[in-house]
Structures are given as structure tokens and as C-alpha cells.
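Enquirer: This is the structure, below, for whatever I ask next.
The values are calculated or read from the model by the stated rules, or taken from the named source; none is laboratory data. These numbers come from a predicted model, not from an experiment. FYI the Cβ positions are ideal-geometry reconstructions off the backbone, even for glycines, and counts take in every protein chain you see. Please note that ligands, DNA and RNA were not included when accessible areas were found on the heavy atoms of the full protein model with its side chains. Shrake-Rupley method; radii C 1.70, N 1.55, O 1.52, S 1.80 Å.
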Amino acid sequence: MRILVTNDDGIHAPGLETLEGIARTLSDDVWVVAPESDQSGVSHSLSLNDPLRLRQVSEKRFAVKGTPSDCVIMGVRHILKDHGPDLVLSGVNRGQNVAEDVTYSGTIAAAMEGTILNVRSIALSQAYGAGGRGAIKWACAAHHGPGVVKKILEIGIEPGIVVNVNFPDCEPEEVVGTSVAAQGMRNQALLAIDARHDGRGNPYFWLAFAKARFEPGHGTDLRAIAENRISVTPLRLDLTDEPTLTRFAQAFAE
């Protein structure tokens, strides 16, 4: 099996090294094509107004000056054009990608691009808590990742489906289990604008989340992570809402 590994945190991210390790438990034919720099939060954007710069880092490792989606396209359509990948693994992201994160995440977007190109694709992310980015428990994803990916491949991934996997903020032995969970929803009242001024008195702003407790819904990815469970969520590329489609069709037919 030929595996294409990518991410949105960049070619030097520790999560990418973790994911390479997971991939190598599945195959010896592992290729890495990742962004030259951090592309977190770029979602499914493509570089249409700038050229893509490709740099070979080492054997089977490439960096692209572009987005995660650019990387997957470069990997499938250029680097591996004569023998495409059988699987795209994206991550392991620095921080969870749950709830509405899936619409912002470059990690998930890379997996979506793989699915668009008819390659089975899985996005993986490692949650972290109060300890911050300096205390991420990569061992959790490294230990449980191979088994989760193998199980997903055994079950099978239907065309048009992206699988989103999140590992909880705990040590490997503290994981309670795995939950096949629905995409959750946070309280968006927590989203805030942090207004500041630079040294010259000019205003600038940061998007921020206020720290407050909220109750994640039962059966959601948010609840799974909160309970030290690995969450596995299948996402559809087709975003059509069937009940609303039917209701609108009936109304416009009148």
C-alpha cells in the first residue's frame, strides 16, 4: 500500500513525524508532501494566484509553498502521478479538530482533497489541554493511531467520505475507548474579538475563544474527547441537507 502523508502544521511539525510513524506500521511505501510553513486554519483553500514551489527535503519527503490541499494535489497529480497513493493520512494535527473546527481545518481539508481525488483519506488530530502546545501528549496518537487506522481500513471507507479521528488529551493508558461520534457544536457565544494596540497606538485584533464551561452533546466528538475517548467521525463531501432540499423543492413547486 502506498501512503501519502500530509498536514497543515508544516513540514517540521512534530505531529507529522508522529503520523509518519503511524503510516510506517501499515506500509514501507510512505511519501510525505507537506506545507513549507504553518497553514493552520486555511480550510480548503487553493493557491490560484501564486505559483507552487516544490522543495525535496529528503528521499520521499517534499515541502510545498502552498496550502494542505495544494500538497495533496501535488502529491497525487505530480510527484506520484505514475503510481498514485492508496491512502492519504493528514495530521497529526496540533490540537483537536472537532465540532465546527472541521470547516476551518487545513488538516481535514487535505483529507477532503484526497477523497475528491478518489483516494481513501483519514484526518488525525491530537487534543491538548491546559498544558498548552508545549505539553501535547503525542504518545496517545502514536500508540493508538495504528490500530484505529487499520480498523477503519478493515471496515472500509465509501467514496465521498472523509474519516475524522481525534485523540484525547491523555496518556495512552488513560484512553477509555473509541467512540464513533457525530460532529458536535460548541457555544459560539464564546467566540470573541481581542482588541489591542501596537507600539504606535494603531489598533489590531486577535480572534479568541473566551474560557468558559459548556456541556457537550451526547454522542458527539466533543463529548468523546472530554471523556478520554478517541472519536471517529465520518464526514460527507456532499453537504446537501436532504430534508431541507425536499421542503424547498415542494415550496418552489407550488
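Enquirer: Quick one: with all protein chains in place, what share of the accessible area of region 192-252 is carbon or sulfur, to the nearest percent (1.4 Å probe)?
Expert: Working: 2800 of 4820 Å².
After summing per-atom areas, the C and S share lands at 58 percent.
Enquirer: Cut-off 19 Å, label point 7 angstrom out along Cα-to-Cβ of Glu100: give me the residues of region 107-134 whose amide nitrogen falls inside.
Expert: Zone members listed by number: 107-109.
Enquirer: Run the numbers for Glu242 and Trp206: contour at 0.36 nm per residue of separation, minus the present Cα-Cα distance, in nm.
Expert: Details: separation 36, 0.36 × 36 = 12.96 nm, distance 3.67 nm.
Roughly 9.3 nm would be gained on extension.
Enquirer: Could you list which residues have their amide H under 5 Å from that of Met185, counting only those 5 or more apart in sequence or on another chain, with H placed in the peptide plane?
Expert: Here the answer is Gly217, since their amide H atoms fall under 5 Å of that of Met185.
Enquirer: For every other residue with a beta carbon closer than 11 angstrom to the beta carbon of Arg120, add +1 if it is Lys or Arg and -1 if Asp or Glu, then tell me the sum.
Expert: Summing Lys/Arg as +1 and Asp/Glu as -1 gives -2.
Enquirer: Report D for region 36-117 in µm² per second (integer): Stokes-Einstein, Kirkwood Rh on Cα pairs, 4 °C, 1.567 mPa s. Before the final figure, lay out each step's value.
Expert: Details: Rh = 13.2 Å.
D = 98 µm²/s.
Enquirer: Counting only other residues whose beta carbon sits under 13 Å from that of Asp221, what net charge do I get with K and R as +1, D and E as -1?
Expert: Numbers: positive: Arg186, Arg223, Arg229; negative: Glu100, Asp101, Glu227.
Local net charge: 0.
Enquirer: Same structure again: When only the heavy atoms of the protein chains count and the probe is 1.4 Å, how do Asp28, Asp241 rank by accessible area, highest first? Display every interim value, and only then the final one.
Expert: Details: Asp28 140, Asp241 80 Å².
If we order Asp28, Asp241 from most to least accessible, we get Asp28, Asp241.
Enquirer: Quick one: with all protein chains in place, what share of the accessible area of region 27-157 is carbon or sulfur, to the nearest percent (1.4 Å probe)? Show your work: numbers first, answer last.
Expert: Values: 2800 of 5790 Å².
C and S fraction of accessible area: 48 percent.
Enquirer: Per q in 0.13, 0.14, 0.17, 0.21 1/Å, what log10 I(q)/I(0) does a Debye calculation on the alpha-carbon atoms of region 102-254 return?
Expert: Here the Debye-derived log intensity ratios amount to -0.76, -0.85, -1.09, -1.37.
Enquirer: Using a 1.4 Å probe and ignoring any ligands, DNA or RNA, find the accessible area of Ser58 and quote it in Å² to the nearest 10.
Expert: Roll a 1.4 Å probe over it and Ser58 shows about 50 Å².
Enquirer: Ignoring ligands and nucleic acids, what accessible area does Ser37 show with a 1.4 Å probe (Å², nearest 10)?
Expert: Counting only protein heavy atoms, Ser37 exposes about 60 Å² to solvent.
Enquirer: With r defined as the distance between the Cβ atoms of Gln56 and Leu153 and R0 fixed at 25 Å, what FRET efficiency is calculated, to the nearest 0.05? Show your work: numbers first, answer last.
Expert: Details: r = 29 Å, r/R0 = 1.15.
Computed FRET efficiency for Gln56 and Leu153: 0.30.
Enquirer: Could you work out how much longer the chain between Asp82 and Ala195 gets when fully extended? Use 0.36 nm per residue separation minus the Cα distance between them, nm to one decimal.
Expert: Values: separation 113, 0.36 × 113 = 40.68 nm, distance 5.07 nm.
Once the chain is fully extended between Asp82 and Ala195, it gains 35.6 nm.
Enquirer: Among all the aspartates and glutamates, which ones have a C-alpha under 14 Å from Lys137's C-alpha, if same-chain residues fewer than 8 places away are not counted?
Expert: Partners within reach: Glu17, Asp169, Glu171, Glu173, Glu174.
Enquirer: With every protein chain left in place and a probe of 1.4 Å, what is the accessible surface of Lys81, to the nearest 10 Å²?
Expert: Rounded to the nearest 10, that gives 130 Å².
Enquirer: Go ahead and estimate [θ] at 222 nm for the chain from helices alone: -39,500 (n - 2.57) per DSSP H run with n ≥ 4, summed, over the residue count, rounded to 500.
Expert: That calculation yields -8000 deg cm²/dmol at 222 nm.
Enquirer: Rounded to the nearest whole Å², what accessible area per residue is found for the chain with the 1.4 Å probe?
Expert: On the way: 13480 Å² over 254 residues.
Accessible surface, normalised per residue, equals 53 Å².
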